[in-house]
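Coordinate-derived values only; no laboratory data. It should be emphasised that the depicted structure is a prediction, and the values quoted were computed from it without experimental measurement. A quick note on method: Cβ atoms are made from the backbone with ideal geometry, for glycine too, and the neighbour counts reach across all protein chains shown.
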Amino acid sequence: MRARRSGAPRIAILGGGIGGLAAAAFLGKEGVAATVYEQAPRLAEVGAGLVIAPNAARQLRRLGVLDAVRERAVQLDTGWEFRRWADGTILSAEDLAASCERLYGEQTYTAHRADLLAAVQSQVPADSVELGRKCVKFEAGDGVLRLTFEDGDPVEADVVIGADGVHSIVRNAIFGASPATDSGLCAFRALVPAERAPAFARRAAQTLWIGPGHHLVHYPVSAGAFVNLVAFAPAGDFTTESWTSTATVEEFLAEFDGWDERLTDLIRAGGTPARWALLDRAPLPRWSEGNVTLLGDAAHPMFPFFAQGAAQAIEDAAGLARCLAEDLENPAAALRRYEELRIPRTTRLQDVSHGRAEINHLDDGPDQQARDAAFRHQDPLVANGWIYGYDLEAEFAPAAAAKQ
């Protein structure tokens, strides 16, 4: 653990992804030291693209990294552009360029995960991150929190934050293994070099093609150098829950056989795709036990259909840092406040993300026709204002006012 001010708790964060590094960065902004333990030999976010909605952009601005993110991100002109699977008919589209900042004070961006990770990492001192530290055991007993690693000395801490993902060792040690059920869906992912992508996919737009049992999303990332492609299909007997597993281009194409040929051309241009199963987990009723808590996917794994996974990890990090900084002498109370603040919001997002698959995947017929007609009269940017307009600072305003 790195040096800390006298009397401050030793804080260990397990996991050096976006959530774990954001927790260390926000804690540092509050003047609280923490050490991140990451099993990989270098910091590199797996995956490809993500959406930085206004609620995430707001926190990145407060962290002081939004300008750095924008250097490699793409500011969206159009979002929620729904297209019909067979012919690309536009069912609805949102003019983000005209409305997003006016409504929520921030724009919406798309970015490569590695670019976002690098920006957040820039706010964490290098000596606060220990790489190649694969945790094999976490123990909480007799007032001692102990992390045991595959290599290197064990670590004792006063506070442990489990930001170690969907297969969290910390969560399993405290609350038991989180049972997962088969959602029946899997995801394919590819990055298409811009020079190989058709013009419609290079636009500053987040486009969703929806059809029977499937949907596909694409948008540019890496300052427009690539098009991120992610698609959802029936899983069959595929159950591997790993972002490093792959499929073949032929398997990917087979799922979208008969779809608009512009889309299948885009799939071909992406090369070998990744593939992983979407397993379903019920929301946890609590995240904290004593001086131990969870963050991000370790706390609230959610389907990606509202593109809020990374955003909620960043919000978690900001809220956790604020709670700990305001009650550093009583970490257990601070962590209870943190989960009380965050669980209602993340549970709601888990629920709505779960329900989106059914809406997107309707078979052609009366229900699909009614959905498409409703799209023409919906404004998702306004309808989802509870997501995008959320301001964490408002949660702390009453307490701050009472202290004045």
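Defining a contact as two alpha carbons under 8 Å apart and six or more residues distant in sequence, what relative contact order in percent does segment 210-334 show? It comes to 17 percent, rounded to a whole number. The chymotrypsin sites (Phe, Trp or Tyr not before Pro) of segment 249-302 include none that meets both conditions, a loop assignment by DSSP and at most 10 other Cβ atoms within 10 Å of the site Cβ.
Loop-resident trypsin sites (Lys or Arg not before Pro) (DSSP state other than H, G, I, E or B) in segment 309-404 with no more than 14 further Cβ atoms inside 10 Å of their Cβ: R376.
Modelled spin labels at E329 and E250, positioned 7 Å past Cα toward Cβ, are 6.9 nm from each other. Residues of the chain were split at every exposed loop site, defined as GluC sites (Glu not before Pro) in a DSSP loop with at most 13 other C-beta atoms within 10 angstrom, and the longest piece left, sites excluded, is 151-328. Extent along the principal axes, Cα only, for the chain: 65, 48, 38 Å, with the longest axis given first. By other beta-carbon atoms within 10 Å, ranking I267, I343 with the fewest at the front produces I343, I267.
If you sort the three axes of the alpha carbon gyration tensor as a ≥ b ≥ c, you get a/c of 1.5 or more for segment 47-130 and a/b no higher than b/c, which makes it oblate. Over segment 8-165, Cα pairs under 8 Å with separation of 6+ residues give a relative contact order of 35 percent. Helices in the chain, meaning DSSP H runs of at least 4 residues, each add -39500 (n - 2.57). Divided by all residues, the mean residue ellipticity at 222 nm is -11000 deg cm²/dmol.
Summarising the label geometry, the points placed 7 Å from Cα in the beta-carbon direction at E261 and F200 lie 1.3 nm from one another. Whole-Hz Karplus values for segment 97-109 come out as 4, 8, 10, 5, 5, 4, 7, 10, x, 9, 8, 10, 10 Hz, taken residue by residue from phi with 6.51 cos²θ - 1.76 cosθ + 1.60 and θ = phi - 60°; glycine and proline positions read x.
What angle do you read, to the nearest 10 degrees and between 0 and 90, between the alpha-carbon axis of helix 392-403 and the longest principal axis of the chain? The answer is roughly 30 degrees. Residues considered: V155, V51, V124. Largest GNM mean-square fluctuation over the chain, using C-alpha springs under 10 Å, is found at V155.
Model label sites at A44 and E156, defined 7 Å from Cα along the beta-carbon direction, differ in position by 3.7 nm.
Mean-square fluctuations from a GNM of the chain, with a 10 angstrom spring cutoff on Cα atoms, peak among A310, A111, A97 at A97. Sequence-ordered 3J(HN,Hα) estimates for segment 304-311 from the Karplus curve with 6.51, -1.76 and 1.60 and θ = phi - 60° stand at x, 7, 10, 6, 10, x, 5, 4 Hz, glycine and proline given as x.
Remark on R286: its backbone amide H falls under 5 Å from none of the residues 5 or more positions apart or on other chains, H modelled at 1.01 Å from N.
Backbone phi angles across segment 197-212, fed through the Karplus curve with coefficients 6.51, -1.76 and 1.60 (θ = phi - 60°), yield HN-Hα couplings of 8, x, 4, 5, 8, 8, 4, 7, 9, 9, 10, 10, 8, 10, x, x Hz in residue order; Gly and Pro are listed as x. Note: relative contact order over the chain, using C-alpha pairs below 8 Å and six or more positions apart, is 21 percent. Of the residues D127, D316, D237, the one with the fewest other Cβ atoms within 10 Å heads the list, and the complete ranking is D237, D127, D316.
Of the beta bridges in the chain, as assigned by DSSP with both residues counted there, near 75 percent are antiparallel.
For L91, the residues whose amide H sits under 5 Å from its own are F82, R83, R84, ignoring neighbours fewer than 5 places away on the same chain, with H placed 1.01 Å from N. Rounded if a/c is under 1.5, else prolate if a/b is larger than b/c, else oblate: which is segment 82-173, with a ≥ b ≥ c the root eigenvalues of its Cα gyration tensor? Taking the square roots of the gyration eigenvalues as a ≥ b ≥ c, segment 82-173 is prolate. Cβ crowding within 10 Å, taken as a proxy for footprinting-reagent exposure, orders R61, R171, R10 from fewest neighbours to most as R61, R10, R171.
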